[in-house]
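Report on the structure given below.
The values are calculated or read from the model by the stated rules, or taken from the named source; none is laboratory data. The structure presented is a predicted model; accordingly, all values stated were derived computationally and were not measured. Quick reminder, even Gly has a Cβ in these numbers, built from the backbone with ideal geometry, and neighbours come from all protein chains shown.
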Amino acid sequence: MENIIKDIQNRFEVSDIVNQRDNITFVTCEKEKTIALITHMKKNLGFKHFVLMTAVDWIEDGLFQLTYILNNPKKKLDVAIRTFISRENATMETAHKLWKQVSTYQRELKEMFGIDFPGSPRVNESFILEGWNDIPPYRRDFQTKEYAEKTYFPRPGRKTNDPSEYMKKNMS
Amino acid sequence: MKKQKNIFNWQADRSKYPEKKKNGKLDIDMSSGKFVKLWQGPNHPGITGNMSLELTISGDEVVEAKTHVGYLHRGFEKLMERRLWIQCFPTCVRMCVAEPDYNEYLLAKSAEELSGIEIPEMAEWLRTLVLEMARLQSLLRTVPGQAGTLSLGVGVQWGVYLRDLVLDLFEELTGGRVYHMYIIPGGVRGLLPDGFKKRMEEVLKKIDEFVKNIENLMFNNIVFKKRTIGVGYIKPSWIDKYGIVGPNARAAGFKRDVRKDYPYLKYNELDFEVTSEKDSDIFARSMVRKKELIMTIDLIRQIMAKMPKKGDIKAPTPNVLHWKIPKGETYVRSESSRGEYGFYTVSDGSKTPRRINLRGPSYTHAISLLERMLVNANIADVHSIMVSLQTCPPEIER
Amino acid sequence: MTNENKNHDKFLHEENKIREVEAPDGSIIKVDPLNDYFLTDRPVVREPKNKVVEKFLNWARAESLWVLGFGTGCGSIEIPPLVTPRFDAYRFGVQMRPTPRQSNVFIISGYLAVKTLKRVIRTYEQMQGPKYVLALGSCTINGGMYWDSYNTINRLDHFIPVDVYVAGCMPRPEALLAGFAKLKERIKAGRAEGANEYAEKFDWYKANQKKIINDWNMPDYNW
Amino acid sequence: MDIATKLFYVFLGLFIVLNWGMLMSATMRKIGARIAGRYGIPFYQPWIDLVKLYSLRDSITHGVMFYLGPVFRLAGGLGMFLFMPMIFGSEYFSNFSFAGDLVLIMYFQFFGMLGMALGASEGAHPYSAIGISRGLSQFTTIEVPMTLAIISLAIQYHTLSISDIVAAQQGGIMNWTLFTNPFATIAAMLSLLGAFGHSPFNLVKAPNEIPIGPPTEYHSSFLGVLRTNAAILHVVEAVLFMNLFFGGATSWLELIIKSFLIYFWSVFVGVVFPRFRIEQSVQWFLKIPLLFGVIAIIIFM
């Protein structure tokens, strides 16, 4: 594991290395170098299994964090690569040529976060939602409760309590 | 495609149809009258769960397939962002209805890992037991379900009946029939009831008998063999290319099992061999599942024997209503009956999770792989191929 | 019927747009697929026949419930136990049918995403009356676990008439059997007139449906 | 016997056949349920289903041919019934059988199928079209061994009249065609499996491939007609085989027992086998049953 991290540290200047467990390490890579890093890891380091790819919305910093988790089935190691892209006009290089299923992940991210991956197959087709007419729902500034109350004819009579206060009242 | 041996085994070589254009794409002209667009699902009894396939067929042969999902989207990942950590537990179980316990375990495990809680040994044993029971009830549905797609319904009836018995045991242990919410952060909710071992053994004996019957009914059945051997072939080179995991990869000869490769809970104390087959067709995949069923029964027996009688079942946790998990991120995985099942969890140090993302095996199996496998398949084989991949739509769209 | 949801035009598929096509004889014909290719009759209320005959027919309808095999949500996991040895709903005249045309009972098994709701409406309209709806789970009553979700509806009775609700998450097969018993009672008493109710309040139902489903793309009448 | 009396007995026979058909299908479904470990439907369920189907309030139609489909199908079943001698030696229940009725019955067997194809295609459902193409190709191959067996019978008994064939088999169990011409019997009994359409040959209605084939769009009273026809057809086909190979029946009781056993044969096979693909099914019929049919002819040449 250490050799691999050293190798990619030298080549791609990854930072923020966190050894979460013995066999999984999180690293941060610059946006431009990410796809090159992934390609290198797949081709040369044996990280052949693509586990997942997803995004995290850090709205306070105006950034999206994209996480790619790669797995080396032989050595039984995982490396998670974080990369940060700007929330405005979020675009990222596509990785669909490396693994077939990546285009599905990218389709989902396009729909749910609004991150564009130019060149990815069928990326503009709707994937999960149908006729969605609001900001992408997984973004932090999309308020699901307000949207649901506005749209879906809530049945009157539902009471919502703050759990901690409700418990305090009942316990005393 | 195989060469024709004699007139009785004649099979048309249709690999050249439809013709390809010069740029390598298929020449599918809907107005030519040679092609029919066929929608299967969501309202179709052969489809697993609620999803749909858009097939373009020419004669009996599928020339293009597209999977459509999203009929079950509830936005879990969004909903959990506005719930407390403890409130996420009853929510996350509902992500996949076929075997909900993996969701509980993975969320609990990520929360424990991020906040540095060690759980007591007894709780680990009980978690292992619950996860294996979940696999057992899922396999009891899917092993005969493969024959069910070919209208051999008897096996399904027996299997679902036995699954009900397993669910009864679940009910006894956890109080819930389908959704258990038994695994909580720090441990589990309760010890085994009195006499549970005996009742478990009774059910396992019935399942043993069922395995024998299903062996005769399915795996020695000439028509079943005819319909499944050589159908739905996955090339070994596709395993990494398409991200295939679990029994589907094991049927192609890849001995990958999270339980063996990345032992979690008590799996390194249990004695088991990773099952595998070589042929990588539907028959091989159902064989792997059947072996897995036998193995699961064996594992449950081992767990029952090795498990201590008493012990702590819960490590102390902070008040869950004010529980803040330190900033960090992690990825934990486990082996569900469909393959690698993982949670990617990000915490920002607040009361609610920042992001929880589920990596379900069906995500890759049911979309990119299925779309590829259905090309040149016979229309009659579409559902057996789909069921043999054991797709579960709710974990695709969450 | 007027189309109030402005998004419908935005999401209209290419093949459903009004367009001009050339006929074989060379003339140009204007085609409006959604209006030309489908039936444009509104549903009508079908009055019950005289009392004695209707009573007998209702008994027959109650004893022969053909359920559509359409698992719309996670409640569909309890349908296989329902028709297998443990619970065996066949004893009570409950049978599964694979096509909407031949079924009378629609089990809405749990939450409905908007995408599924559209298919549910289409399917419901294709069923032949008298038809009954059995809604499973608390998510069809008030949203249940998913009350604040942006993609699941909260109450089903705004979109199609519901005969019996079976509460719970998820309802056990016993509860489902009890639901069927309740439905039988309702039918025998002549109160299960969902299809007629749908025809009577058709405009209200359609307006609700159209408000939520942006990607309409289907004819207004699906029979 | 004047025509009024004749018609009265024909309708009486039809009534018995219809009800026996319904009871038989309910019994078979109960047997299937018992193998699965269930109780199964109540034995009176088919009648209730029928009443319900005829009493639905809505019924959407797709055009004139859509109406005619079930009518043709029913005509096929009724035609077979009308020319089939039900009880041997009974003046009342030999219907309108005459010297060449076997040929006519073979024709009616196919007639219903064709009518159904016309009607179902009017429904414009792609599953109907797939089901029809499967049904017609399968039925054509079923006809081959069946026809060979019947030709063999015609050579053996020098007649094409069912009554004469039954008459030739009287006088003890060893006179049955089953023992005098076993190869023809085997060929015909194998093709019977396809004619009844239980698995492994239930490709036409394959519920989880093409739900449910030709009758996908049929509902309410249309389906009621189809179900009525199915009840008649099952009994009549079983009676045809009983007459040709198992010595006919001299009383209703004998008819009921024999037709039950013949029908049970197809259910018995169906419970334990999954479904073939269409080309496998066609190939299967063109192998063993065809071989037996050819042998049966060669023997009596």
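Being modelled with pLDDT of 85 or more and either surrounded by fewer than 24 Cβ atoms within 10 Å (Cβ to Cβ) or over 28 Å from B:ASP271 (Cα atoms) (or both) narrows it down to one residue among B:ALA108, B:ALA147; which is it?
B:ALA147
May I ask you to say which residue of D:ASP58, D:ASP49 is over 17 Å from D:ILE162 (Cβ atoms), in a helix (DSSP H, G or I) and among the charged types (D, E, K, R)?
Working: D:ASP58 fails: in a helix (DSSP H, G or I).
Going through D:ASP58, D:ASP49 in turn, just one is over 17 Å from D:ILE162 (Cβ atoms), in a helix (DSSP H, G or I) and among the charged types (D, E, K, R): D:ASP49.
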Pairs with Cβ under 6 Å, 6+ apart, first in the range D:115-132 and under 18 Å from D:GLU209 (Cα atoms), second of a type in the set (Phe, Trp, Tyr) and surrounded by 21 or more Cβ atoms within 10 Å (Cβ to Cβ)
none
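For the range D:31-60, what are the residues that are without any contact (Cβ under 8 Å) to a residue 40 or more places away in the chain and within 14 Å of chain B (Cβ to nearest Cβ)?
Taking the range D:31-60 first, the residues without any contact (Cβ under 8 Å) to a residue 40 or more places away in the chain are D:33-34, D:36-45, D:47-48, D:51-52, D:55, D:57.
D:ALA33, D:ARG34, D:ALA36, D:GLY37, D:ARG38, D:TYR39, D:GLY40 - these are the residues of the range D:31-60 that are without any contact (Cβ under 8 Å) to a residue 40 or more places away in the chain and within 14 Å of chain B (Cβ to nearest Cβ).
In this structure, is D:TYR107 among the aromatic types (Phe, Trp, Tyr), in a helix (DSSP H, G or I) and over 30 Å from B:GLU61 (Cβ atoms)? Steps first, answer last, please.
Numbers: among the aromatic types (Phe, Trp, Tyr): yes; in a helix (DSSP H, G or I): yes; over 30 Å from B:GLU61 (Cβ atoms): yes.
So D:TYR107 passes the test.
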Single residue of the range B:170-200 satisfying the filter (of a type in the set (Gly, Ala, Ser) and surrounded by 14 or more Cβ atoms within 10 Å (Cβ to Cβ)) that is farthest from the chain's Cα centre (by Cα)
B:GLY186
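Please state which one of D:ILE150, D:ILE105, D:ILE130 is within 18 Å of D:LEU74 (Cβ to Cβ) and buried (at least 22 other Cβ atoms within 10 Å of the Cβ). Write out each step before concluding.
Working: D:ILE150 fails: within 18 Å of D:LEU74 (Cβ to Cβ); D:ILE130 fails: within 18 Å of D:LEU74 (Cβ to Cβ).
Only one candidate qualifies: D:ILE105.
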Name every residue in the range C:200-217 that is over 23 Å from A:PRO154 (Cβ atoms) and either of a type in the set (Ser, Thr, Tyr) or surrounded by fewer than 17 Cβ atoms within 10 Å (Cβ to Cβ) (or both), in order of residue number.
C:GLU200, C:ASN217
For the range B:319-398, give me every one of the helices (runs of 4 or more DSSP H) that falls completely inside it and has 2 or more residues that are under 17 Å from the mean Cα position of the chain (by Cα).
B:361-364, B:382-388, B:393-397
Specify the residue that is surrounded by the most Cβ atoms within 10 Å (Cβ to Cβ); the eligible residues are those in the range A:86-102 that are among the β-branched types (Val, Ile, Thr) and away from every other protein chain (no Cβ under 14 Å).
A:THR94
Do the conditions hold for D:LEU233, that is, is it more than 14 Å from chain C (Cβ to nearest Cβ), part of a helix (DSSP H, G or I) and within 23 Å of D:ILE132 (Cα to Cα)?
yes
Go through the range D:133-147 and report how many residues are crowded, with 18+ Cβ neighbours inside 10 Å and more than 26 Å from B:ASN378 (Cα to Cα).
2
Between residues in the range B:177-195 that are without any contact (Cβ under 8 Å) to a residue 12 or more places away in the chain and residues that are part of a loop (DSSP other than H, G, I, E, B), which pairs lie under 9 Å by C-beta distance while being six or more apart or on different chains?
B:ARG177/C:MET170; B:ARG177/C:ARG172
Subset of the range B:266-275 [within 14 Å of another protein chain (Cβ to nearest Cβ) and part of a loop (DSSP other than H, G, I, E, B)]:
B:VAL274
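Just to confirm my filter: which helices (runs of 4 or more DSSP H) fall fully inside the range B:214-265 and include at least 3 residues that are closer than 22 Å to B:ILE379 by Cβ and touching a Ser or Thr at 6+ places or on another chain (Cβ under 9 Å)?
B:222-228
Output the number of residues of the range D:1-55 satisfying the condition of being over 20 Å from D:TYR263 (Cβ atoms) and out of contact with any helix residue (DSSP H, G or I) (no Cβ under 8 Å at 6 or more places or on another chain).
Residues of the range D:1-55 that are over 20 Å from D:TYR263 (Cβ atoms), as a first pass: D:1-12, D:37-39, D:48, D:51-55.
Checking the rest, the ones that are also out of contact with any helix residue (DSSP H, G or I) (no Cβ under 8 Å at 6 or more places or on another chain) come to D:1-9, D:11-12.
Residues in the range D:1-55 being over 20 Å from D:TYR263 (Cβ atoms) and out of contact with any helix residue (DSSP H, G or I) (no Cβ under 8 Å at 6 or more places or on another chain): 11 in total.
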Would you be able to tell me the number of residues in the range C:84-95 that are surrounded by fewer than 21 Cβ atoms within 10 Å (Cβ to Cβ) and in contact with a strand residue (DSSP E or B) (Cβ under 7 Å, 6 or more places away or on another chain)?
1
Which residues, taken from the range C:16-55, are in a loop (DSSP other than H, G, I, E, B) and either in contact with a strand residue (DSSP E or B) (Cβ under 8 Å, 6 or more places away or on another chain) or charged (D, E, K, R) (or both)?
C:LYS17, C:ILE18, C:ALA23, C:ASP25, C:ASP32, C:ASP41, C:ARG42, C:ARG46, C:GLU47, C:LYS49
